[in-house]
Amino acid sequence: MNRFKDKELTEKKQMDIIKASKLKARWNTILTILTIILIIVPATFFLSVAYYSVSSKANNEIIAAETIYSLTRPNLQIGDMEMESEITPFFGLHLSAPLYKQVGGVIFNAGDYHTEITPGNNQDVTEKLLINDIPMSAMDQEYVFQYPSNNPLRNHLTLGWEQLENVSEGTVSEAYLSLDKAYASEEIKDLIAEYDIDLVWNAVDTGVEKEMVDEEGRFVSPIGYPENNEAPANSNFESEDNQELFMEQLQFLDQHEAMVNSIRPDISMAAQERLKYLKENDIRIYGIVVTGPSKEILKMERQEAFKGIYIGETENWNWNKREGY
């Protein structure tokens, strides 16, 4: 009898020892993982900060995003002074900022820009718009501007004048105008001088707009510059002249091609090809974005220079608020 009890006690003791050992091993594993986390995470965070700060990569990412929007998204810009950046462990960078558009006399929030950047120039860019997006489809070759020698005029660029006829007097609109030929900047100003409108963006002929493909056969986006073109904060752009700054911005995009491709993998910026063309030719404009009273824009139909029109946003009257812009 005692022998059987001793055997049972021995087996129980062995099970307790095994359980205790497993529990100890589990706690050792947890403590090891916590130690690794407490050492590695702060270390990688510090290295991430150094990587983005010392190398100026974070600043260049911000400048690249803002420049791409200014040059390829007509009348839509990233809020430069409201850009928020957050460096995360394991070399991650999160950028976010509001997007702005001018319609009539008011510049308003049109949405938000977000991107998550991970090692290897991988980016997950998301754009949340509060407005209707404009036709800018490379795959469908449907844009808000049409190159002067391309005929016939695409259907979506023939409807704008009728739209303006049907809106009320008390509205302001945003209009994308395709021109009958490419004009110099001063000629554009002469064309619109008699109208009570604001010129907000210029589409530039860079030698690839007829086919909208670069020399390698990749689709390109229309490109141009805001009429009030401004260098992003913390950039090294020096010029205050619209067109000279535009050339500097193209140069930046060319120098940071990999970064640019990660932000806009769907299209080619063709920055180098475009720079070469513009250095050999004058900057000439084949499309413009204007905003102002809807009926004032409608008056522009009388001029043959304005070949096609696409109407973007239309808002209630706010033209009296335009002073200061």
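Quick rundown of the values:
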| read-out | value |
| --- | --- |
| FRET efficiency estimate (nearest 0.05) - Cβ-Cβ, N316 to N281, R0 30 angstrom | 0.10 |
| Pairs beyond 29 Å (Cα-Cα), from K189/K295; K279/K307; K128/K279; K189/K279 | K128/K279 |
| Set of aspartates and glutamates near K276 by C-alpha distance (under 17 Å), chain-local residues within fewer than 8 positions excluded | D205, E209, D214, E215, E216, E244, E248, D254, E257 |
| Cα→Cβ-extended label distance, 7 Å offset, between V106 and E240, nm | 3.1 nm |
| Potential extension, E84-I131 segment - 0.36 nm per residue separation minus Cα distance | 14.7 nm |
| Whole-Hz ³J(HN,Hα) from phi, Karplus 6.51 cos²θ - 1.76 cosθ + 1.60, for segment 75-87, glycine and proline x | 6, 9, 9, 6, x, 4, 7, 10, 5, 10, 10, 9, 8 |
| Carbon plus sulfur fraction of accessible area for segment 273-321, probe 1.4 Å, in percent | 40 percent |
| Size of electric dipole in segment 225-319: Cβ of Lys, Arg +1 and of Asp, Glu -1, about Cα centre, debye, nearest 20 | 420 debye |
| Cβ crowding within 10 Å averaged over residues, with 56-65, 195-204 ranked highest first | 195-204, 56-65 |
| Full-stretch length increase - Q163, Q251 - with 0.36 nm per residue and alpha-carbon distance subtracted | 27.8 nm |
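The values are calculated or read from the model by the stated rules, or taken from the named source; none is laboratory data. Here the structure is a predicted model, which means the values were calculated and not measured. Backbone-built Cβ (ideal geometry, glycine too); neighbour counts: all protein chains shown. The protein model used for the area step is the full one, side chains on, heavy atoms only, and it has no ligands, DNA or RNA in it. Shrake-Rupley method; radii C 1.70, N 1.55, O 1.52, S 1.80 Å.
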